[in-house]
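Report on one structure; see the data block that follows.
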There are 2 protein chains.
Amino acid sequence: MASNDLEVYLTARTALITEERSIRRDFKELAKATEDELHADQIVRAIKLEEAKSIWAVDHPDTPNVFPGMAYLSARNLITKTKIFQIISKMPKGALLHSHLDAMVNASVMLKYALEEPALHIQVAAPLTKASLFSTLPAFRGLRPSEYSDAPSLTSSSYIPGTWVHIKRARDSFSTDLGGPEGFDAWVIGALTINPREAYETHNTVAKIWKKFQSTFDVVEGFTNFFPLKKKYIKDFLLSSIEDGISFVETRFTFFSEYLIDANGEDSVSHAEIFRTFGEIVQEVKDEMARQRRSDAFIGARIIYTTLRFVTCDELDWYLEDCIKLKQEFPDLVAGFDLVGSENDLKPIIYYIEPLLRFRSRVEELGLDLPFIFHAGETYGDGSEADNNLYDAILLGTKRIGHGFSLVKHPKLIEMCKEKGIALEVCPISNEILRLTSSVCTHPLASLINQGVPVALCSDDPSVFGNMGLSFDFFQVLMGSDINGLLTLRMLARQSLEHSTLADEEKAKAIVSWEKQWANFVKSITDGRIFEV
Amino acid sequence: MASNDLEVYLTARTALITEERSIRRDFKELAKATEDELHADQIVRAIKLEEAKSIWAVDHPDTPNVFPGMAYLSARNLITKTKIFQIISKMPKGALLHSHLDAMVNASVMLKYALEEPALHIQVAAPLTKASLFSTLPAFRGLRPSEYSDAPSLTSSSYIPGTWVHIKRARDSFSTDLGGPEGFDAWVIGALTINPREAYETHNTVAKIWKKFQSTFDVVEGFTNFFPLKKKYIKDFLLSSIEDGISFVETRFTFFSEYLIDANGEDSVSHAEIFRTFGEIVQEVKDEMARQRRSDAFIGARIIYTTLRFVTCDELDWYLEDCIKLKQEFPDLVAGFDLVGSENDLKPIIYYIEPLLRFRSRVEELGLDLPFIFHAGETYGDGSEADNNLYDAILLGTKRIGHGFSLVKHPKLIEMCKEKGIALEVCPISNEILRLTSSVCTHPLASLINQGVPVALCSDDPSVFGNMGLSFDFFQVLMGSDINGLLTLRMLARQSLEHSTLADEEKAKAIVSWEKQWANFVKSITDGRIFEV
């Protein structure tokens, strides 16, 4: 070969890789990174490499078949022992843009609060035995004082199925054969969460794990429809998010009944009251942060109004109108509108096209800033109804896309998302547990990032999956790619604020606050403060 | 809303979907499809839909967790009972462009032939017991007559580890405690194949399953390095491929030693003799097809010269020069050059850049049609060395890409593949068993097809995976997408011929032959002949 062939080749190679990498949205971050950031990035990359070998390449007593980015539920215990997780848990993460308000509090905390409620009762549809325990779901409800009962233990032979028992009494009297009070806790928490055996063995298909997933909501509703508990959960959610470095929240609230249940067991809490109370709690938390001189740590929270993908078109008209009224009353609290529930099984967006088009016209007429923020493409389908939801979400002008797991199969829609600045709310752990991918390594996220699609990382339903906050999701994304580094995480966090529904001025302020926290975080890596307990 | 809003919306929706679908390479096939083809496509879609419900949505006694496109090793028995498989197994499939010659014959057939060889002996490194059996690998070798031994049974207490025993004698004297002769067969076949438990449970990581995968080659080498067996395997491979509807083959032959072993146990069979014999067998098979008046069914076969990704640069120089000499001697039998072995563990292409650039210059000087046909991106890595092989494969002018599993993460390289007409040799079942994806549904193939990347479906190593022929791979691809139909399969089959190394005139003839077979196949679906036994 000619003597300069090698040189020519290597130059062309570098140019090609650079050209492709420049499509990524963290390419610019890299170019303008501070020396501290580059140094911190090097530190993180070195630890990541070291832990890939020392932790993620050897079998552990309870965890065989490990690798970096492996299935979350099996990896969780190991993750929490890593230095990378220690770093990420301190990272300022910007906004959490995709979550479901019924599933934001640690399951055992939810249960703990529930046990304190005098009105909260439990029933089961069949007698509880060792054999039936884990296939029988508890049902909870806040009762009117007149309905309080002195029914015997759920595990007593004289328990009549369907009878309400006070939750605390049910726990205290839970048969020792079934584990006593701790057995009660394990049973309830098992019904609120997905365990690794369920996800990776017994229910290892999308259809089966969705049934289990749906059942956790059937159970939790008994807690979250009871307004006194709901309020505590909202506050806990906001405070624990802040501790994980989340400074802004847009969370989905599923409206399905006209009223929630009040402390007296009455169906009396209107949607307006929910928003008013939500606003009050947000303010309380802000005040608390101000008292702690941590105002930068929390900008606020909003609700994405959602209803379910199985309502009729007439019913949807009612919810859409309700959403408009609430937006008019609480302009700073209503972020947008969405439909939720399994896309693979329930109605596609196109089924609701007439009410949705009417809504869009109404919103325009009224001059409201009330966008659709649709779930779409939460499927591995190719050309299925769930996959086709992506066309409708984008044509209807969705502000962001919830999941968009199947977007990677749509070259034209990817182009449109980039042009229109439609961000994807990507939930890597949720998608993995719900069996759309076997690990983050095979998740389409890497492809989307490399194509320059704007992305915000999200947790979806952490009470069910056990991925509280955003640290676990950021962890998986960092470990699942050799390209991703600290500046990728920076981009993802910053994008979450950029693609929020905050108005321009608020957004600018939020980003300034976040940049301050980010600089401090970077400094704590380079000076080693982050590893001090 | 304005009265025509809905109409405007639906028109825009159809236009958008059509615009995106037109990027697919089967879009043109659809436009020019015959009435028969459209009718056959409808028939196939209806059966697919029916079987998705009747077979792939219910649990079967031995197969829980089923779904369309599910993991191959668990699904295999059900697949063979479907009407869709019955149809696909009769389909003319064009060319098989990615396969490894050591792994192309059903494992029990390989063993059957081996048992007939007087020179073929077996040894084990440790005494065989119930406990050690499935962790002890057999080693085979054709011996010189002077080396033949009358050593006792492998399972006898007096067997000295490392002693050669004739294979037939070893089988006949296999202890009844270990299952007798059938136990011997199960043990050998277990060492040549991957079973579902290994793939989906015990070795459920890429690194672990690759070790098992590699061990099957360590075992099979004892058969395939013995030239008398090799010849039988080549003929069996070609004949069974033809029965599966494959009319042309470019298969990878791994050259690592200078000679194969002849019938007398001597290292005497040169690379040139291998090619000469390969050419003779191809001619025999052609003659046989001509006698059967089925000349259209078999166009021929070629070898892609490969060596292993762990040789030194100096050694590679020798293999590359050897490849050039063979191309000069057997221009119609040498298709190209490649490197094989785990990309995740062995040397990347860039490590060999100097010898590879020298080779390219030499080939150009000599005016040879001897392209690289590189394995690249057989990984779920993102920015790893294995992933980066894609840059080098393409910059070095690869004719096709073996696997290219990670290409989906490379927007710029996808563009280049489309512009330059670089086809991907996609092996969906191989990728799934080797744990790059949990099922064909989550394989990047759908994304690549939707982006218009040229693809040829391939089987890779069917003796190890049990996906003999191409029917199983086509089956999975059809079931794993709602867009894919009969005309998608048509496109994939036709592309395999278009992207072969056949010269223009031969290629045109091959395509004409294939079109004839295709028309007959389509007709057999519409008139129901295909379902007659």
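The values are calculated or read from the model by the stated rules, or taken from the named source; none is laboratory data. Just so you know, these numbers come straight off a predicted model, no measurement behind them. Here the Cβ is made from the backbone with ideal geometry for all residues, glycine too, and neighbour counts use every protein chain on show.
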- Query: Would you pick out the residues in region B:475-519 that are within 14 Å of chain A (Cβ to nearest Cβ), touching a Leu at 6+ places or on another chain (Cβ under 7 Å) and in a loop (DSSP other than H, G, I, E, B)?
  - Reply: B:484
- Message: Suppose the filter is closer than 30 Å to residue B:354 by Cβ, more than 28 Å from the chain's Cα centre (by Cα) and at pLDDT 95 or above; does residue A:15 pass it?
- Response: yes
- Considering region A:297-317, residues that are among the hydrophobic types (A, V, I, L, M, F, W, C) and assigned to a helix (DSSP H, G or I), and then whichever is nearest to residue A:102 (Cα to Cα), we arrive at A:316
- Take region A:24-73 and flag every residue that is within 26 Å of residue A:199 (Cα to Cα) and either in the same structural domain as residue A:515 (by TED's automatic domain parsing) or basic (Lys, Arg) (or both). none
- Message: Could you check region B:146-156 and list, in sequence order, the residues that are hydroxyl-bearing (Ser, Thr, Tyr) and surrounded by fewer than 12 Cβ atoms within 10 Å (Cβ to Cβ)?
- Response: B:146
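Condition check ((1) at pLDDT 95 or above; (2) surrounded by 15 or more Cβ atoms within 10 Å (Cβ to Cβ); (3) assigned by TED's automatic domain parsing to the domain that holds residue A:460) across all residues:
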site: A:144; (1), (2), (3): yes, no, no
site: A:158; (1), (2), (3): no, no, no
site: A:168; (1), (2), (3): yes, yes, no
site: A:176; (1), (2), (3): yes, no, no
site: A:188; (1), (2), (3): yes, yes, no
- Query: Of the residues that sit in region B:440-470 and are of a type in the set (Gly, Ala, Ser) and surrounded by fewer than 24 Cβ atoms within 10 Å (Cβ to Cβ), which one is farthest from residue B:418 (Cα to Cα)?
  - Reply: B:466
- Unmet requirement for residue B:282, which otherwise passes all of (1) in contact with a Lys or Arg (Cβ under 8 Å, 6 or more places away or on another chain); (2) of a type outside the set (Asp, Glu); (3) outside any loop (DSSP other than H, G, I, E, B): (1)
- Considering only region B:248-273, how many residues are modelled with pLDDT of 95 or more and within 21 Å of the chain's Cα centre (by Cα)? 8
- Task: Kindly indicate which of B:38, B:78 is in contact with a His (Cβ under 7 Å, 6 or more places away or on another chain) and away from every other protein chain (no Cβ under 12 Å).
- Result: B:78
- So residue B:320 fits all but one of (1) surrounded by 19 or more Cβ atoms within 10 Å (Cβ to Cβ); (2) part of a strand (DSSP E or B); what number is the exception? (2)
- If we scan region A:157-164, do we find a residue that is part of a loop (DSSP other than H, G, I, E, B), small (Gly, Ala, Ser) and touching a strand residue (DSSP E or B) at 6+ places or on another chain (Cβ under 8 Å)? yes
- Residue check, residue A:53 part of a helix (DSSP H, G or I) and within 14 Å of chain B (Cβ to nearest Cβ): yes
- Query: Does residue A:184 qualify as being free of Cβ contacts under 8 Å to residues at least 60 places away in the same chain and either in contact with a Ser or Thr (Cβ under 6 Å, 6 or more places away or on another chain) or more than 14 Å from chain B (Cβ to nearest Cβ) (or both)?
  - Reply: yes
- Any residue in region A:40-47 that is part of a loop (DSSP other than H, G, I, E, B), in contact with a helix residue (DSSP H, G or I) (Cβ under 7 Å, 6 or more places away or on another chain) and under 18 Å from residue A:494 (Cβ atoms)? no
- Residue in region A:410-423 that is buried (at least 23 other Cβ atoms within 10 Å of the Cβ) and under 23 Å from residue A:207 (Cβ atoms) present: no
- Picked from region A:499-527 (must be without any contact (Cβ under 8 Å) to a residue 60 or more places away in the chain, closer than 27 Å to residue A:45 by Cβ and touching a helix residue (DSSP H, G or I) at 6+ places or on another chain (Cβ under 9 Å)), the residue surrounded by the most Cβ atoms within 10 Å (Cβ to Cβ) is A:511
- Members of region A:1-34 that are within 7 Å of chain B (Cβ to nearest Cβ) and not in a loop (DSSP other than H, G, I, E, B): A:5, A:6, A:9, A:12, A:13, A:16, A:17, A:19, A:20
- Query: Can you tell me which residue in region A:288-317 is surrounded by the most Cβ atoms within 10 Å (Cβ to Cβ), limited to those that are over 23 Å from the mean Cα position of the chain (by Cα) and more than 20 Å from residue A:245 (Cβ to Cβ)?
  - Reply: A:316
- Checked A:268, A:247 against criteria (outside any helix (DSSP H, G or I), closer than 22 Å to residue A:333 by Cβ, without any contact (Cβ under 8 Å) to a residue 40 or more places away in the chain and of a type in the set (Ser, Thr, Tyr)); the one match is A:268
- Test: residue B:31 is closer than 20 Å to residue B:483 by Cβ, out of contact with any His (no Cβ under 9 Å at 6 or more places or on another chain) and surrounded by fewer than 16 Cβ atoms within 10 Å (Cβ to Cβ): yes
- Item | Pick from region B:111-130, criterion in a helix (DSSP H, G or I) and in contact with a helix residue (DSSP H, G or I) (Cβ under 6 Å, 6 or more places away or on another chain), ranking: surrounded by the most Cβ atoms within 10 Å (Cβ to Cβ) | B:114
- Message: Criterion first (more than 19 Å from residue B:241 (Cα to Cα) and not acidic (Asp, Glu)) does residue B:497 satisfy it?
- Response: no
- Message: Against the condition among the hydroxyl-bearing types (Ser, Thr, Tyr) and within 20 Å of the chain's Cα centre (by Cα), how does residue B:216 come out, does it pass?
- Response: yes
